[in-house]
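Here's the structure we're looking at; comments come further down.
Since every read-out is calculated from the coordinates, none of them should be taken as a lab result. Keep in mind it's a predicted model, so treat the numbers as computed, not measured. As a convention, Cβ positions derive from the backbone with ideal geometry for all residues, glycine included, and neighbour counts pool all protein chains shown.
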Amino acid sequence: MNILITGGAGFIGSHVVRRFVKNYPNYNIYNLDALTYAGNLENLKDIDDKPNYKFIKGDIVDESFINKLFADVDFDGVIHLAAESHVDRSIEDPLAFVRTNIIGTVNLLNAAKNAWKDNFEGKRFYHVSTDEVYGALGEQGLFTETTAYDPNSPYSASKAGSDHFVRAYGETYGLPYVITNCSNNYGPYHFPEKLIPLFINNIMENKSLPVYGDGKYTRDWLFVEDHARAIDLVFHKGKNHDTYNIGGFNEWQNIDLVKLLCSVMDKKLNRAEGESEKLIAYVKDRPGHDLRYAIDATKINKELGWKPSVTFEEGLELTVDWYFDNSDWLSHVTSGDYKEYYKKMYT
Ligand code: NAD
Ligand code: DAU
């Protein structure tokens with residue numbers, strides 16, 4: 001099998017590429033990534049010499065490049081993760097999200113449809129999406145696969161748009177697709193613009209911890225390797241023309257999560273208990289901030305037997321240890337453009 005994985009140099013994509021390269025030596029894994037600020041080949045340096053792995057630098061927005069790629073390689077499957085993924089950046093520059101998340105996805109759909117249209121048998125377009133397409137929950141309830149889409153940020157609107165296009169290609173052209181909508185991931189190789197890695201880095205550097213609003217926003221957190229395992233299962237065993245929710249059954253209010261992280265970091269840094277918590281600073285809220293996300297992952301559990309394998313406490317400890325053991329990675333990604341981004345966002 002020739003499998004195209006897009007966005008494989010990013011956070012989740014690198015875990016998916018590693019898993020497929022290692023577990024399926026008989027597949028050829030092509031990692032297509034534009035290497036934006038979020039893409040980093042250092043994330044894959046442990047597998048980049050494997051004979052079944054090939055990296056291709058390219059932009060999914062470039063229609064002729066994508067068409068040529070599908071003419072050159074006879075792909076059996078696409079696992080599409082490439083995206084602009086940070087909500088705060090989408091508030092600053094929505095069009096960048098329209099370009100990559102919507103136009104880029106449609107370019108891939110067209111190329112796959114045209115390459116496969118004579119015989120869809122055995123082909124699969126897997127679109128990796130987010131729970132944010134469902135909008136915000138109140139204090140009760142869970143998102144299921146039938147919850148109506150109600151996106152609130154330019155990021156989630158662009159992901160919702162891409163999900164709709166994938167479904168439409170299934171209905172209109174018969175393209176075999178599957179979509180998954182997952183909750184917040186955390187773990188190794190997470191870019192430090194997102195809450196957990198940003199705060200790990202700031203605690204290490206004794207910098208303030210900017211908690212948006214009152215800190216009572218709630219997210220459901222999943223260890224990234226559990227997401228990669230779910231993607232593997234759904235790619236191989238999920239039903240065509242269907243969607244699956246993936247989540248950690250693990251809701252945390254931001255402020256409670258930050259306090260737990262501070263306490264884990266105090267121990268690692270030999271600081272007195274409560275020391276890192278003093279860095280917490282409540283700052284201006286994110287516009288349109290969704291109050292709560294929570295996933296009902298019963299369907300993937302019942303149909304495919306998937307469930308998370310690590311508790312949040314275990315996953316957080318593994319994650320913190322990884323950042324301590326990989327200070328070179330952290331210092332590379334926090335140099336250069338990152339400093340400008342940080343200044344613009346937080347000062
Ligand atoms: P990320 O920002 O870490 O990585 C995105 C990758 O896509 C980067 O390697 C980047 O270089 C690449 N990319 C961006 N624009 C591109 C373009 N035009 N052409 C080719 N490559 C491009 O993102 P992530 O957190 O790993 O998320 C991966 C996917 O999973 C996204 O589709 C995201 O919406 C979805 N998702 C993320 C989470 C999460 O918590 N991070 C949760 C659910 C779903
Ligand atoms: O739910 C899945 C989504 O999770 C993915 O689709 C997105 O790609 C991913 O970025 C993530 O989105 P969030 O906006 O939930 O993640 P983020 O880490 O940016 O923020 C988590 C929570 O923490 C959110 O309520 C905002 C808050 N926050 C975030 C940052 C960066 C802060 O309070 N301070 C911060 O500095």
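Of the residues GLY248, GLY238, which is within 15 Å of ligand 1 (Cβ to nearest atom), crowded, with 18+ Cβ neighbours inside 10 Å and within 29 Å of TRP306 (Cα to Cα)?
Numbers: GLY238 fails: within 15 Å of ligand 1 (Cβ to nearest atom).
Sole residue among the options that is within 15 Å of ligand 1 (Cβ to nearest atom), crowded, with 18+ Cβ neighbours inside 10 Å and within 29 Å of TRP306 (Cα to Cα): GLY248.
Looking only at segment 128-158, count how many residues are more than 13 Å from ligand 2 (Cβ to nearest atom) and touching a residue at least 12 places away in the same chain (Cβ under 8 Å).
10
Say whether the condition of being hydroxyl-bearing (Ser, Thr, Tyr), in a loop (DSSP other than H, G, I, E, B) and more than 21 Å from the chain's Cα centre (by Cα) is met by at least one residue in segment 10-28. Spell out the reasoning first.
Of segment 10-28, the ones hydroxyl-bearing (Ser, Thr, Tyr) are 14, 24, 27.
If we keep only those that are in a loop (DSSP other than H, G, I, E, B) too, we end up with 24, 27.
Cutting the leftovers down to more than 21 Å from the chain's Cα centre (by Cα) gives us 24, 27.
Yes, some residue in segment 10-28 is hydroxyl-bearing (Ser, Thr, Tyr), in a loop (DSSP other than H, G, I, E, B) and more than 21 Å from the chain's Cα centre (by Cα).
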Residues in segment 215-244 that are out of contact with any Leu (no Cβ under 6 Å at 6 or more places or on another chain), more than 28 Å from ASP285 (Cα to Cα) and either within 10 Å of ligand 2 (Cβ to nearest atom) or not basic (Lys, Arg) (or both) total 16
Selection from segment 63-111 of residues of a type in the set (D, E, K, R) and within 17 Å of GLY8 (Cβ to Cβ) yields ASP76, GLU84
Those residues of segment 29-55 which are more than 10 Å from ligand 1 (Cβ to nearest atom) and either under 15 Å from the mean Cα position of the chain (by Cα) or in a loop (DSSP other than H, G, I, E, B) (or both) amount to LYS45, ASP46, ILE47, ASP48, ASP49, LYS50, PRO51, ASN52
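Hey, can you tell me all the residues within segment 176-194 that are in a loop (DSSP other than H, G, I, E, B) and within 7 Å of ligand 2 (Cβ to nearest atom)? Show your work before the answer.
To start, the set of residues in segment 176-194 that are in a loop (DSSP other than H, G, I, E, B) comprises 176, 183, 187-194.
Within segment 176-194, SER183, GLU193, LYS194 qualify.
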Selection over segment 311-330 where residues are closer than 25 Å to SER263 by Cβ, more than 16 Å from ligand 1 (Cβ to nearest atom) and either touching a helix residue (DSSP H, G or I) at 6+ places or on another chain (Cβ under 8 Å) or assigned to a helix (DSSP H, G or I) (or both) yields a count of 9
Reported set for segment 56-91 where residues are more than 14 Å from ligand 2 (Cβ to nearest atom), assigned to a loop (DSSP other than H, G, I, E, B) and among the hydrophobic types (A, V, I, L, M, F, W, C) is ILE60, VAL61, VAL73, PHE75
Of the residues in segment 293-315, those that are within 16 Å of ligand 2 (Cβ to nearest atom) and more than 29 Å from LYS239 (Cβ to Cβ) come to PHE312
Of those in segment 185-224 that are among the aromatic types (Phe, Trp, Tyr) and surrounded by 18 or more Cβ atoms within 10 Å (Cβ to Cβ), the residue nearest to ligand 1 (Cβ to nearest atom) is PHE191
